[in-house]
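Please read the structure below before turning to the comments.
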Amino acid sequence: MGVIPNAYALNVYDNDSQKLDVLGRVEAGVFNKAAREEDKSAIEGKARLGINAHSKVNEVVSVIAFAEWDVSSATSEGNKFKTRYAYTGFDMSQYGVLVFGQGDTAAYQTVGFTDVFENWGNEANSYWSLGGRQEGQVAYVNAVAGYTWSVSYQTHVHDMGWFYNHDTGDKSNVNVNHGVATSLSYNWQRNSALDGLAFSVAYDYYSLGDKYFSKKRAFYAGLSYGEQSEGLYLGLNYNRTNISYESHHLTGFDAVAGYKFANGLGFMSGYGYYAYKLNKIDKQYLNLQVSYDFNDYFKVYTEAKFGIGHKDFEVKDRTQSDFFAISAQYNF
């Protein structure tokens, strides 16, 4: 968690003690029938709206709040708002940020290195099995001299996610009794020989309210180079997950590479591999994206996800689907 930066935010007011920004985006795109899970391809519209508030308590401590919602067109997902973030807490300057509510767990600090696509990708890990942006959290993050440390605690949530047992074929919705995640990252400082390089490791543990899927443990490691907003960007993630009642681990690799030119043209590619017992494929895919920024607010992009080979789980010998989208996006 932590306050989400946004270059497009519209400032409502800003004085010595208070600040309020409104941010969001509106997007319309053509999605193929596999991406829509419908019989036909179609144009879909969706929007995002958020608020970012900051109020000064004293010279060191400020109170903060952040919330963000997504809504899709009435024809696709029923015109319902879905909460992405909703948290409040304290920004204690050099002593870190402490927040309560719904947001990313501490493990996202590592997983986020390959979360670079608009619609798909970054799926070769267990981070998203419990929703990714989780409700009912307490999270703390602090950054000092290139190091960033984060820890989050998950309170009880009913019907938070689901797991598929690769040994038995059972699929179960699960409750979370409690959980904890932590991560540590290092960004090499400017003017150093390794300027632009970042390394991160994370671990999470969850106690689950299910007879068989009673515990989840996962280790993550990530490496990145450059900035997504300009020039060359490279990202790599490794995940090793153990779910209780399964005989083997799930192992995942995600890699992305792209380049953003000064004229606004950008390219991004990605590859993901997620397997049980290393040789039984759960997911394997290739992602491609081409984008063009008309200015700081408006861009168009085309994005695709190609399934590679056949899925061993959950249905044997079924070719994975290919997803396509062409979209226009306005940010504010």
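The values are calculated or read from the model by the stated rules, or taken from the named source; none is laboratory data. Because the structure is predicted, anything quoted here is derived from the model rather than measured. Here the Cβ is made from the backbone with ideal geometry for all residues, glycine too, and neighbour counts use every protein chain on show.
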Out of all the residues in the stretch 229-248, which are under 19 Å from His166 (Cα atoms) and touching a residue at least 24 places away in the same chain (Cβ under 8 Å)?
-> Asn239, Thr241, Asn242, Ile243, Ser244, Tyr245, Glu246, Ser247, His248
Name the one entry in Ala124, Ala86, Ala181, Ala143 that is of a type outside the set (D, E, K, R) and touching a Lys or Arg at 6+ places or on another chain (Cβ under 7 Å).
-> Ala124
Which ones in the stretch 307-327 are at pLDDT below 85, part of a loop (DSSP other than H, G, I, E, B) and over 20 Å from Ile43 (Cβ atoms)?
-> Gly309, Asp312, Phe313, Glu314, Val315, Lys316, Asp317, Gln320
Flagged in the stretch 260-285 as surrounded by 14 or more Cβ atoms within 10 Å (Cβ to Cβ) and either without any contact (Cβ under 8 Å) to a residue 12 or more places away in the chain or touching a Gly at 6+ places or on another chain (Cβ under 7 Å) (or both), in numbering order, are Lys260, Gly266, Met268, Ser269, Gly270, Gly272, Tyr273, Tyr274, Ile281, Lys283, Gln284, Tyr285
State which residue is surrounded by the fewest Cβ atoms within 10 Å (Cβ to Cβ) when the search covers only the stretch 286-324 and only residues that are within 30 Å of Asp170 (Cβ to Cβ) and of a type in the set (Asp, Glu).
-> Asp317
For Ala198: the one exception among (1) under 21 Å from the mean Cα position of the chain (by Cα); (2) among the small types (Gly, Ala, Ser); (3) surrounded by fewer than 16 Cβ atoms within 10 Å (Cβ to Cβ) | (3)
Can you name every residue in the stretch 242-272 that is in a strand (DSSP E or B) and more than 20 Å from the chain's Cα centre (by Cα)?
-> Asn242, Ile243, Tyr259, Lys260, Leu265, Gly266
Residue in the stretch 222-254 that is nearest to Gln329 (Cα to Cα), counting only those that are in contact with a helix residue (DSSP H, G or I) (Cβ under 7 Å, 6 or more places away or on another chain) and of a type in the set (Gly, Ala, Ser) = Gly235
Can you tell me how many residues in the stretch 204-232 are part of a strand (DSSP E or B), under 30 Å from Phe267 (Cα atoms) and within 17 Å of the chain's Cα centre (by Cα)?
-> 7
Sort out which residues of the stretch 273-298 are outside any strand (DSSP E or B), more than 30 Å from Ile243 (Cα to Cα) and not aromatic (Phe, Trp, Tyr), and write them in order of number.
-> Asn295, Asp296
Inside the stretch 158-195, the number of residues satisfying the requirement of being of a type in the set (S, T, N, Q), at pLDDT 80 or above and either under 19 Å from Leu232 (Cα atoms) or surrounded by fewer than 18 Cβ atoms within 10 Å (Cβ to Cβ) (or both) is 4
List the number of the failed condition for Ile51; all other conditions in (1) in a strand (DSSP E or B); (2) β-branched (Val, Ile, Thr); (3) within 24 Å of Val144 (Cβ to Cβ) hold.
-> (3)
Counted residues in the stretch 39-96 being farther than 28 Å from Val141 by Cβ, at pLDDT 90 or above and among the hydroxyl-bearing types (Ser, Thr, Tyr) come to 0
Can you name every residue in the stretch 131-140 that is surrounded by fewer than 20 Cβ atoms within 10 Å (Cβ to Cβ) and either at negative phi or touching a residue at least 60 places away in the same chain (Cβ under 8 Å) (or both)?
-> Arg133, Glu135, Val138
In the set Trp162, Trp128, which member is in contact with a helix residue (DSSP H, G or I) (Cβ under 9 Å, 6 or more places away or on another chain), closer than 30 Å to Asn32 by Cβ and free of Cβ contacts under 8 Å to residues at least 12 places away in the same chain?
-> Trp128
